[in-house]
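The values are calculated or read from the model by the stated rules, or taken from the named source; none is laboratory data. In this text the structure is predicted, and so the values were computed from the model without any measurement. Here Cβ is always computed from backbone atoms with ideal geometry, including for glycine, and neighbour counts include all displayed protein chains. We work out accessible area using only protein heavy atoms, side chains counted, and drop any ligands, DNA or RNA first. Shrake-Rupley method; radii C 1.70, N 1.55, O 1.52, S 1.80 Å.
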Amino acid sequence: LVHEVVEWLSPAFSSGGVVVDCTVGGGGHAAALLEAAPGVRLVGIDRDDEALEASGRRLGEFGGRVRLLKANFAELGSVIDGDDAGAVEGVFYDLGVSSPQLDRAHRGFRYRGDAPLDMRMDVSGDLTAADVVNGYSEAELARVIATYGEERFARRIAGAIVARRAQRRFEGTEDLAEVVKGAVPAAARRSGPHPARRTFQAIRIEVNDEIENLERSLPEALRVLRPGGRVAAISYHSLEDRAVKRFFASEARGCRCPRDLPVCVCGRKASMRGLTRKAVRPSDEEKRRNPRSDSARLRVAAKLEPPGPEAA
Ligand SMILES: C[S@@+](CC[C@H](N)C(=O)[O-])C[C@H]1O[C@@H](n2cnc3c(N)ncnc32)[C@H](O)[C@@H]1O
């Protein structure tokens, strides 16, 4: 959705403006935005040191137009300072895990091959996948796997993990993948993706607190944007997409009064306008080229001018 992101964000840009890429990763979207808008500067955030090294190399050609920072996008407000404050015209998220994170076996995101159970995007973070798998109660594991993995066999899988770790701690990804596979009924193992895929996704989302960070970041994005500026978010998980959709809808509605009140008493005005009525999906051609894009959904909203005194 690189082309679509550029199309939806560029109309908000003016010379001297700033776009914040909250998930700069390898810098692919960032490079496309910088190329499309030569007067714009970019602040690129990532919580992964390896991603920042990769984007540093990729975006080197743009020189002083780029500032890269290691941060969690939940802290977006506090990383925008100095010249950038007041100049932000676009905020962009390309959520979830990156291909290099998945491909580098040592990061422990993969269910194929063996690696330590890590899965931290920020390797200085406290919680690892091994802590979740070896430390969470059976009920907590079942909740995580059901909610973030949308896995219908979550309780069976949680039961099998707890039974196995009573004998021996989980250390590696291969070990976990085998136990999960063994817990899934044989009929369900025969078709579809690897039986451990959903459980690995769920543990990754838990380890990195992905949904909570997004929910904390979106109001910050709205706060740092100039009126007329735009937020664009690509989600790959239904809970991410729901968080984005609900935030945009609630800011576009403004009023928070119970629906049965005849008049508004809260006085809150709309602060955003949704620009994509339905989520934008990748083209068939893009899905063929990049199968991971299959679940991608892009939503975009614009920040409105604050109401004048007569409207307030
Ligand atoms: C899908 S990749 C982005 C790829 C990027 N758009 C590109 O073109 O290369 C997502 C990136 O977001 C980062 N990330 C995820 N959650 C984050 C958070 N809360 N704060 C900062 N970075 C985060 C990940 O480390 C990963 O590098």
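Suppose we keep only residues that are open to solvent by less than 30 Å² (accessible area, probe 1.4 Å) and assigned to a helix (DSSP H, G or I) within the range 30-51. Which one would you say is nearest to G125 (Cα to Cα)?
Just the residues of the range 30-51 that are open to solvent by less than 30 Å² (accessible area, probe 1.4 Å), to begin with: 30-34, 37, 40, 42-46, 48, 51.
Checking the rest, the ones that are also assigned to a helix (DSSP H, G or I) come to 30-34, 51.
Numbers: A30: 25, A31: 28, A32: 30, L33: 30, L34: 31, A51: 16 Å.
Among residues in the range 30-51 that are open to solvent by less than 30 Å² (accessible area, probe 1.4 Å) and assigned to a helix (DSSP H, G or I), the one nearest to G125 (Cα to Cα) is A51.
Going by the structure shown, is R246 among the basic types (K, R), out of contact with any strand residue (DSSP E or B) (no Cβ under 7 Å at 6 or more places or on another chain), at pLDDT 95 or above and open to solvent by 20 Å² or more (accessible area, probe 1.4 Å)?
Details: among the basic types (K, R): yes; out of contact with any strand residue (DSSP E or B) (no Cβ under 7 Å at 6 or more places or on another chain): yes; at pLDDT 95 or above: yes; open to solvent by 20 Å² or more (accessible area, probe 1.4 Å): yes.
It is true that R246 is among the basic types (K, R), out of contact with any strand residue (DSSP E or B) (no Cβ under 7 Å at 6 or more places or on another chain), at pLDDT 95 or above and open to solvent by 20 Å² or more (accessible area, probe 1.4 Å).
Being assigned to a loop (DSSP other than H, G, I, E, B) and surrounded by fewer than 16 Cβ atoms within 10 Å (Cβ to Cβ) is the filter here, so list the residues in the range 277-307 that pass it.
Within the range 277-307, the first condition is being assigned to a loop (DSSP other than H, G, I, E, B), and the residues that meet it are 277-279, 281-283, 290, 296, 304-307.
Residues satisfying the conditions are R277, K278, S283, N290, E305, P306, P307.
Conditions: (1) assigned to a loop (DSSP other than H, G, I, E, B); (2) polar (S, T, N, Q); (3) within 12 Å of the ligand (Cβ to nearest atom). S55 meets all but one. Number of the miss?
Every condition holds for S55 apart from (1).
(1) touching a residue at least 24 places away in the same chain (Cβ under 8 Å); (2) under 26 Å from D21 (Cα atoms): which one isn't true of E151, the others all being true?
Only one criterion in (1) touching a residue at least 24 places away in the same chain (Cβ under 8 Å); (2) under 26 Å from D21 (Cα atoms) is unmet by E151, namely (2).
Among the numbered conditions (1) within 25 Å of R289 (Cα to Cα); (2) part of a helix (DSSP H, G or I), tell me where E75 comes up short.
The one condition E75 does not meet is (1).
Across the range 1-29, what is the number of residues that are touching a residue at least 40 places away in the same chain (Cβ under 8 Å) and either in a helix (DSSP H, G or I) or away from the ligand (no atom under 12 Å from the Cβ) (or both)? Reasoning before the result, please.
Taking the range 1-29 first, the residues touching a residue at least 40 places away in the same chain (Cβ under 8 Å) are 1, 4-5, 8-9, 11-14, 16-26, 29.
The next check asks that each one be either in a helix (DSSP H, G or I) or away from the ligand (no atom under 12 Å from the Cβ) (or both); those that pass are 4-5, 8-9, 11-14, 16-19, 29.
The number of residues fulfilling the criteria is 13.
Take the residues of the range 231-271 that are touching a residue at least 60 places away in the same chain (Cβ under 8 Å) and not β-branched (V, I, T): which is farthest from T147 (Cα to Cα)?
A232
Where in the range 161-245 are there helices (runs of 4 or more DSSP H), lying wholly inside it, with at least 2 residues that are touching a Pro at 6+ places or on another chain (Cβ under 9 Å) and of a type in the set (V, I, T)? Break it down into steps so the answer makes sense when it comes.
Working: elements: 173-183, 186-189, 197-207, 210-224.
Qualifying helices (runs of 4 or more DSSP H): 173-183.
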